[in-house]
Every structure is written in C-alpha cells, then in structure tokens.
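Asks: Structure below; questions to follow.
The values are calculated or read from the model by the stated rules, or taken from the named source; none is laboratory data. Model, not experiment: these values are computed from the prediction. Neighbour counts run over all protein chains shown; Cβ positions are idealised from the backbone, glycine included. Note: areas computed on protein heavy atoms with side chains; ligands, DNA, RNA excluded. Shrake-Rupley method; radii C 1.70, N 1.55, O 1.52, S 1.80 Å.
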Amino acid sequence: MILLLAVAALAQTTLQLNSLFSDSMVLQRGIADPVFGYATPGAYVSIQIAGERVGCTADRNGRWRTLLTPLQAGGPYEMTVSSGTESITVKDILVGEVWLASGQSNMEFLEENADDYGMAMGEATQDIRMFTVKHKASIAPDKDVTGVWTPAGAGTVGRFSAVAYSFARELNHKLGVPVGIINSCWGGTFAESWTSQDMLLKDPATKPIIDQFLADLPTYASRRSAYDDAMEIWMNGKKGGENVGFGNGWPLHEYNDSDWKEVPACSTVESIMGREFEGSFWYRLTLNVPDEWFGKRLKLELGALDDYDITYFNGIRIGRTDQSVAEPATVNRVYTIAPGIVRRGSNTIAVRVFNAEGSGGMDGPLAAMRLSLADGSASIPLSANWKFKVEQEIDQSAPRPKLPSGPGNPYSPSELYNGMIAPLIPYGIKGAIWYQGESNVGNATVYAPLFEDLIRDWRNRWGEGPLPFYFVQLPNFLPQKDVPSDSAWAELREAQAKALSLPHTGMAVTIDVGEADTIHPKNKREVGRRLSLWALSQTYGKPFLYASPAFQSMKIQGSQVTITFTNGSLMTTDNKAPACFAVAGEDKKFYWAETSVYGSTVTLSSPSVPHPVAVRYAWADNPPVNLTNRAGLPACPFRTDDWSAAGATK
C-alpha cells in the first residue's frame, strides 16, 4: 500500500499553467508577457517560445511567474513549459492585441442572438479568438478560471460575446493583426461585484457596501435556508400547476392543433397577448425533414427562450432549462435529438414555456433557430409560423424572493472580482472594454465613485499603468415620455460619464441604438464599432473621429440659450431641428425647447421660460434623439443643473 501511494504521488502532475495559457491562445504583442502557474516549491521552470528561453523558480507556495521576451504580431507558435521531468506544450499560439471584455448581460449577449449573426458567420476569421471565463463567484480571490480559447469560425462565432466580437473584428481589420478577447461577464450583476474588497473599503462612498456584506456573513446560513424555502414556495406558485399540456397530448406528433393560434417565429407571449402575461404556454411546429435524416442524430436550436422551457420532439422530451439556470432568458437552447425518435417526412417540435417575469417566449433571433444534423453539415431554418396556445395564466402579484448576500452569490460585493478577474491577473492585455450599469440604475450617487474605483482597482492590480478602459454608456430603454421628466436611467448615464475624468478612458454613447421593450437590444455590431473607435484612435493612433459630441459650455442671453459641443460639427439624422432639449427657469420646471443648430452649437428657447437657468438634453429613459456629429455619433446626454430627483446629483 505504501509503495502504491508513493507511485501515485510520483505520478501526480505538479507543473501547472494558468488556464489562459492553453491551445489557440493569443499573447499581447510588443510587451514582456507574463507567464505564470504552479510547480513544486523551489522547482525551476523553463519556458521556450519562438527560439527564446526564459525561466524562474517556484516560490515557497509553488507559485511561479516569469516574463517572455517581447514578440511581434504573428504565429502560430508553440510554447513548451518544463520543470524536472514534467513538460506542457501549448500549441497554435498567435501574437497580436489582447483585450479584456467584462460587464453584465449586454456584454455577455451572444453573437447568435444579435441582428448581424449571419454577417458575422461569413466574416469569421481564426485571427480572432475568445476565451470565455466560466461563471464563478468566490468569497476569496481564486487562483485560476475555467475556459478555453476558441478561434472564430462560422460554427463557433455564435457563442462569442457580440459586442466583444464586433470590437475585435474592427481591430483585426484596421490593424491587420490577430486579436484575442478574454470575455469575463455575468448577466444582471452589479459593479461592486467586480471590484475588490480592498478597494471598496478604501473609499468612504463604497465602504458601507462591504461593511454591510461582512456584517451579514454570520447569519448567511440561516438567511440562505429561509431563501430556499421561500423560493420553493414561489416557484410552486409560478409553475401554474402541473404540466397540463403534456397530459392533454400537446407535445405528440399526432395531436390536432388546428384550433391553435398561428404566430410568427420569435414571437413573445406579451406581443401575442398584447399585454403582460405570466404563466405557461406552448409553441408547436410541424415540418418535414429530408429522408436521408431518418435514423440520424439531430440538433435543435431555438435561440433564447424567456424564461424556462421543456422541449419535445415527436412527443419525447429532448431537453429542459429550469430555475437552476442563471439568467435563462440569455441562454440559447440547443438540444440533441436521438436517432430513434426521428420520423421520415413530417416531425413535430413542441415547446412548453413558463414565463415568470418579463416579455416571455421566443426571443430568437430567427437566424439562431434551426433543426440540423448533429454534425452541422445540413440544416433547416425554423422561420415558418408556429402554433401557440396558453396553458395557464398565474397570479403576478407575488414578488420573486431575493437571493441573500453571501458567499457564492454573484450579486454580492467582490465575489466576481475574486472568481473571474483576480485569477486573470497579470495576463498581458492592452486594455479593457466594459458594458454594465443596468443593475445599478437607481443608485447613481454611489455608482459614480464606485465605477471610478473599479477602473483604478483593475489598473492597480495589473500594475501596467493606466490601462485603456473604454465603456458603453447605457442605451435608450423603456417607453418614451411626452413631457420632460426625471429619469434614473439618465442619472446613471451621467454617473458613467464622470469616469471620463480618469486618463485613458472613453465612452461609447449608445442613446440611439437601444430598444424600448427589451433591455437587451440586438444591434451589438454598432456598439462594438463605437468602442473600437476609441481604441483605434486613442490607443493605436488612427485618425478617426472617435468621440460623440459632448457638452462644453452654456451661454444665456435673455430668453435664449446657446449650447456649445465638443467633437465636431453637428447635424441631425432627419434634417429637422435638434430634439430632446428641455429648458427650465428658477422654478425648476422643464419645458421642451425650440432649437436650431449651427456648426458645433445648438441655440434654444421656450416661450414658457423667459429667464432660463438650466438645460437638459436627452434626459430621459428613452429619448427620441436625432443630434449627431458628422461621423454619425450621437450627442451625449447631459444636464447643466444639479437638482436632485431620482436619487443622484451632478
């Protein structure tokens, strides 16, 4: 037994590389890239790549780290890491530009759900690669992450972050070098989750966040138990009873659905019903498959479904997504169909969807919905009209229980920094792109210092000076309003813009590419392109007009106000007067203004405001903006007052 244990100990691998150092990786060109991992304490580790060899000794904890000789763009290379009798070879390495992409669901939003998916598949090149970090929340900084580098291709690009892929594509086209993206995102999360505990404690504005978290830790077990009980009760109420449709034969191929409502593919229950709806409902689609598919394994792709589903093929359940899945509305359904249930000719897909909240149903996009052979060699689009029937509507009054703050909760402070950012450091990157803020709407006062702390935190941890940090300002969302009013979304956008006071930051304004009825707008190509303009101009020195028009100054003459903007001459997209300007007097009541544009200025006035003192532009959840510069970049929302309303001041 002792001999066997000794042999097993000798056989155990002690040499380890951080998971980022794996096949198809991309290294940052022109810098001494750090390479790091673990080995036997005191062991010497040797790294060889591109004819160069470097080495180092593992410390007392087994951690080792060394720097490569700077490499120029190119590849593919192989890297061999050796220690004693152990050796690891990493293949297909490219050298180019590496960026970290992070944030919540709009950065996580998959390319196969974006409206340019077909175009993206046609343009895919293996010079663009993405490492997608697996979700993990942690109470303490982790040593490593889980993920693999994936070269872009027609069959893989759909699972890439759409914004990050668009950003990478622009850099690849304009710079002519490989681009690697480390994609570390989690939908619905807060900025404080991505910031280290040390940084939160340093700032008096954010210290209460971590103080409350630490104070609550001793009671976490009891609070989690109460949450689990409440969640079980809530889900039982939300299930709408048993699966009635199954009992009535709704998933069967032979079932007669002639009295069901015909609806377009990608139709949500709210669009079908014309109102809010929570409960269970079904979609059915009968289609013919080629004779040569009979007896073969198939793959069904339905795009995103909101929220949960049970999916059947010819009456046999082939997959389900339930409440154990985080952010189910962002998860594309991909289910395998066993050969034995595929018929010759006519076959039926039936999907039972349960909507707990939100729009509910098929979010698509249409390009992501297909039935195909398992190897992907042939496919049938699922673009025909489907049949639809409500199973059971439920009471919408019961609020969803809130997951308590504590270990493993991605919404707790520092948990995602620990699990998904700290293990990436100090991998060589050029900079970071960020798309987050929706979850912090309503708390703009704290978000302003918090966001700046996050940027400083990451820069300090990487230790490479002021790494470029480019971020997306929240887009337009929710119904438009006819009169000027306060807006928590506008205040959060203002809080984001304050981070521009930090050096080497940039903000992509997206106030014109959102959608009123979804927090996940599908035009991600333009978002990524606008981020890339900042990088190409400010990081790589390309001569692009990269920034949106921004407020520079205000001049008041009698009842008339002149606003001067930076970043180029102004124009309107519809050749009409600039919209969305409001003006107020000392009474703080805002009225829509009459406007005119000339050069880089907008002149405005209102007969209701003879003595103006303040101006707001696009200060709304979803303003119908039309003001841009000559590069087509929309003017940045702003206000000249500091009047508190929805919870923040300028």
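Asks: Would you confirm whether or not the stretch 389-408 contains a residue that is under 30 Å from Gly37 (Cβ atoms), modelled with pLDDT under 95 and of a type outside the set (Phe, Trp, Tyr)?
Replies: yes
Asks: When only residues in the stretch 475-511 that are in a helix (DSSP H, G or I) and polar (S, T, N, Q) count, which is nearest to Asn106 (Cα to Cα)?
Replies: Going through the stretch 475-511, the residues in a helix (DSSP H, G or I) turn out to be 488-501.
Keeping just the survivors that are polar (S, T, N, Q) gives 496, 501.
Values: Gln496: 16, Ser501: 24 Å.
Restricting to residues being in a helix (DSSP H, G or I) and polar (S, T, N, Q), the top hit is Gln496.
Asks: Another question, then. How many residues does the stretch 276-334 contain that are among the charged types (D, E, K, R) and within 23 Å of the chain's Cα centre (by Cα)?
Replies: Here the count works out to 7.
Asks: With the requirement that a residue be without any contact (Cβ under 8 Å) to a residue 60 or more places away in the chain and part of a strand (DSSP E or B), what does the stretch 457-470 give you?
Replies: Residue satisfying the conditions is Phe469 alone.
Asks: Hey, does the stretch 425-448 have a residue that's within 20 Å of Asp144 (Cα to Cα), crowded, with 19+ Cβ neighbours inside 10 Å and β-branched (Val, Ile, Thr)?
Replies: Yes; the residues of the stretch 425-448 include at least one that is within 20 Å of Asp144 (Cα to Cα), crowded, with 19+ Cβ neighbours inside 10 Å and β-branched (Val, Ile, Thr).
Asks: For the stretch 204-232, give me the residue count where each residue is part of a loop (DSSP other than H, G, I, E, B), surrounded by fewer than 18 Cβ atoms within 10 Å (Cβ to Cβ) and either touching a residue at least 24 places away in the same chain (Cβ under 8 Å) or small (Gly, Ala, Ser) (or both).
Replies: Going through the stretch 204-232 one residue at a time, the tally reaches 1.
Asks: Next up: Only one residue in Ser359, Ser324 is in a loop (DSSP other than H, G, I, E, B), out of contact with any helix residue (DSSP H, G or I) (no Cβ under 8 Å at 6 or more places or on another chain), within 26 Å of Phe160 (Cα to Cα) and not acidic (Asp, Glu), so which one is that?
Replies: From the options Ser359, Ser324, the qualifying one is Ser324.
Asks: Another question, then. Is it true that some residue in the stretch 517-524 is of a type in the set (D, E, K, R), under 30 Å from Gly360 (Cα atoms) and open to solvent by less than 20 Å² (accessible area, probe 1.4 Å)?
Replies: Yes: the stretch 517-524 contains one or more residues that are of a type in the set (D, E, K, R), under 30 Å from Gly360 (Cα atoms) and open to solvent by less than 20 Å² (accessible area, probe 1.4 Å).
Asks: Being of a type in the set (S, T, N, Q) and open to solvent by 70 Å² or more (accessible area, probe 1.4 Å) is true for just one of Asn575, Asn567. Which residue is that?
Replies: Asn575
Asks: Which ones in the stretch 613-627 are touching an Asp or Glu at 6+ places or on another chain (Cβ under 8 Å) and closer than 18 Å to Val527 by Cα?
Replies: Selection gives Val625, Asn626.
Asks: In the stretch 101-131, which residue that is closer than 24 Å to Arg370 by Cβ and open to solvent by 60 Å² or more (accessible area, probe 1.4 Å) is nearest to the chain's Cα centre (by Cα)?
Replies: Residue satisfying both the conditions and the ranking: Asp115.
Asks: Would you be able to tell me the number of residues in the stretch 249-285 that are in a strand (DSSP E or B) and open to solvent by 70 Å² or more (accessible area, probe 1.4 Å)?
Replies: 2
Asks: Taking interchain pairs and intrachain pairs at least six residues apart, which have beta carbon atoms under 7 angstrom, with the first residue in the stretch 14-27 and farther than 15 Å from Asp92 by Cβ and the second modelled with pLDDT under 95 and in a loop (DSSP other than H, G, I, E, B)?
Replies: Pairs found: Ser19/Thr146; Ser19/Gly147.
Asks: Then there is this: Suppose we filter the stretch 319-340 for residues that are touching a Leu at 6+ places or on another chain (Cβ under 9 Å) and either under 18 Å from Gly158 (Cα atoms) or open to solvent by 30 Å² or more (accessible area, probe 1.4 Å) (or both); how many remain?
Replies: The number of residues fulfilling the criteria is 11.
Asks: List the pairs whose first member sits in the stretch 238-258 and is modelled with pLDDT of 95 or more, whose second member is among the aliphatic types (A, V, I, L, M) and open to solvent by 60 Å² or more (accessible area, probe 1.4 Å), and whose Cβ atoms are under 9 Å apart, counting only residues at least 6 apart or on separate chains?
Replies: Pro251/Ile316
Asks: Taking the condition of being open to solvent by less than 10 Å² (accessible area, probe 1.4 Å) and more than 15 Å from Ile380 (Cα to Cα), how many residues in the stretch 341-353 meet it?
Replies: 3
Asks: So how many residues does the stretch 527-548 have that are surrounded by 18 or more Cβ atoms within 10 Å (Cβ to Cβ) and charged (D, E, K, R)?
Replies: Kept after step one, since they are surrounded by 18 or more Cβ atoms within 10 Å (Cβ to Cβ), are these residues of the stretch 527-548: 527-528, 530-536, 538-539, 546-548.
Checking the rest, the ones that are also charged (D, E, K, R) come to 530.
Of the residues in that region, 1 qualify.
Asks: At least 3 residues that are within 23 Å of Pro151 (Cα to Cα) in each: list the strands (runs of 3 or more DSSP E) lying fully within the stretch 12-53 that qualify.
Replies: The qualifying strands (runs of 3 or more DSSP E) are 26-28, 34-38.
Asks: Here's something else I'd like to know. Of all residues in the stretch 74-90, count the ones that are open to solvent by 10 Å² or more (accessible area, probe 1.4 Å) and either β-branched (Val, Ile, Thr) or out of contact with any Ser or Thr (no Cβ under 8 Å at 6 or more places or on another chain) (or both).
Replies: Residues that pass the stated criteria total 8.
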